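A.B. asks: Submitted below is the structure of interest, expressed as structure tokens.
The values are calculated or read from the model by the stated rules, or taken from the named source; none is laboratory data. All figures in this text were calculated on a predicted structure; none of them were measured in a lab. So basically every Cβ, Gly included, is an ideal-geometry build from the backbone, and we count neighbours across all protein chains shown.
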Amino acid sequence: MCFPGRRGVRLCEWGRWAIIGAALSQQAHQLAPAGDEIGLAVVEAQVNEAAVGRNYPAHAAEHGAEVPPEPLLFLKPPSSVIGPGLSIVLPPQSERVDYEAELALVIGHRCRNVTPQEAWDYVLGVTCGNDVTARDLQRRDGQWTRAKGFDTFCPLGPWLVTGLSETDVADLEVICRVKGELRQRGRTSEMVFCT
């Protein structure tokens, strides 16, 4: 994603250096030599990720589903969040694990019962996300917690772009490449539920 005139910020810029320290201590055995980058997620690992399902008509149609009349919400647990470039662990009980490139909004401070008009007051920034899903389990279970909630099923980052408005993200290209091959291309303007 490219935001003309905006500055991308590596990791986090909101003063929560404890997040970096905690992530480093958890990944100390994987530390790279000085000068190399380390893939850390851009959010705290202690928070759930709330997501909207079937938000793109083309993606819903791909799976023989319709776009619901109201947002279809689900959570991904903290254990699913990993940094960019880290390995996704494939669960042995699934035979089909899939990718979904997403625009992820990072909420900057605690909020509850926020109106759509107030929502952007709480957005710290945006980053890239991958909503990894065990498709066979998603179909079989009927609800999405297990299929989307495995450890490592939510890679985020590496960039957090701050200072954006809802208008800035209204028509961004979202793409996914697997081993360099383009697998998904869409635009945020195609989302049904965007506020």
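A.B. asks: Read through the list (1) in a loop (DSSP other than H, G, I, E, B); (2) more than 20 Å from Glu190 (Cα to Cα); (3) of a type outside the set (D, E, K, R), then give the number of the only condition that Leu137 fails.
C.D. replies: With respect to (1) in a loop (DSSP other than H, G, I, E, B); (2) more than 20 Å from Glu190 (Cα to Cα); (3) of a type outside the set (D, E, K, R), Leu137 is out only on (1).
A.B. asks: Restricting to the stretch 161-175, what's the tally of residues that are part of a strand (DSSP E or B) and surrounded by 16 or more Cβ atoms within 10 Å (Cβ to Cβ)?
C.D. replies: Counting residues in the stretch 161-175 that are part of a strand (DSSP E or B) and surrounded by 16 or more Cβ atoms within 10 Å (Cβ to Cβ) gives 3.
A.B. asks: Going by the structure shown, is Leu156 more than 16 Å from Ser80 (Cβ to Cβ), buried (at least 16 other Cβ atoms within 10 Å of the Cβ) and not basic (Lys, Arg)?
C.D. replies: Judged against the criteria, Leu156 is not a match.
A.B. asks: Here's a follow-up. Scan the stretch 91-134 residue by residue and report those that are among the β-branched types (Val, Ile, Thr) and not in a loop (DSSP other than H, G, I, E, B).
C.D. replies: Within the stretch 91-134, Val97, Val106, Ile107, Val123, Val126, Thr127, Thr133 qualify.
A.B. asks: I'd like the full set of residues that are surrounded by 13 or more Cβ atoms within 10 Å (Cβ to Cβ), free of Cβ contacts under 8 Å to residues at least 60 places away in the same chain and either out of contact with any helix residue (DSSP H, G or I) (no Cβ under 9 Å at 6 or more places or on another chain) or of a type in the set (A, V, I, L, M, F, W, C) (or both), limited to the stretch 135-152.
C.D. replies: Those that are surrounded by 13 or more Cβ atoms within 10 Å (Cβ to Cβ), free of Cβ contacts under 8 Å to residues at least 60 places away in the same chain and either out of contact with any helix residue (DSSP H, G or I) (no Cβ under 9 Å at 6 or more places or on another chain) or of a type in the set (A, V, I, L, M, F, W, C) (or both): Leu137, Ala147.
A.B. asks: I'd like the residue in the stretch 184-195 that is surrounded by 13 or more Cβ atoms within 10 Å (Cβ to Cβ) and either among the charged types (D, E, K, R) or farther than 20 Å from Arg54 by Cβ (or both) and, out of all such residues, is modelled with the lowest pLDDT.
C.D. replies: Ranking the candidates gives Glu190 first.
A.B. asks: Which pairs turn up if I take residues in the stretch 91-103 that are hydroxyl-bearing (Ser, Thr, Tyr) and look for partners that are in a strand (DSSP E or B) with beta carbon separation below 9 Å, at least 6 apart in sequence or on another chain?
C.D. replies: Ser94/Ala134; Tyr99/Asn130; Tyr99/Thr133; Tyr99/Cys176; Tyr99/Val178; Tyr99/Arg183; Tyr99/Gln184
A.B. asks: Which one is modelled with the lowest pLDDT among residues in the stretch 79-90 that are surrounded by fewer than 16 Cβ atoms within 10 Å (Cβ to Cβ) and not aliphatic (A, V, I, L, M)?
C.D. replies: For the stretch 79-90, the residue satisfying everything is Gly85.
A.B. asks: Could you check, for the stretch 176-183, whether at least one of its residues is of a type outside the set (Gly, Ala, Ser), farther than 27 Å from Val123 by Cα and assigned to a loop (DSSP other than H, G, I, E, B)?
C.D. replies: Scanning the stretch 176-183 turns up at least one residue that is of a type outside the set (Gly, Ala, Ser), farther than 27 Å from Val123 by Cα and assigned to a loop (DSSP other than H, G, I, E, B).
A.B. asks: Next question, about the same structure. Which residues, counting only those in the stretch 151-175, are within 17 Å of the chain's Cα centre (by Cα), polar (S, T, N, Q) and closer than 23 Å to Asp121 by Cα?
C.D. replies: Listed by number, the list holds a single entry, Thr162.
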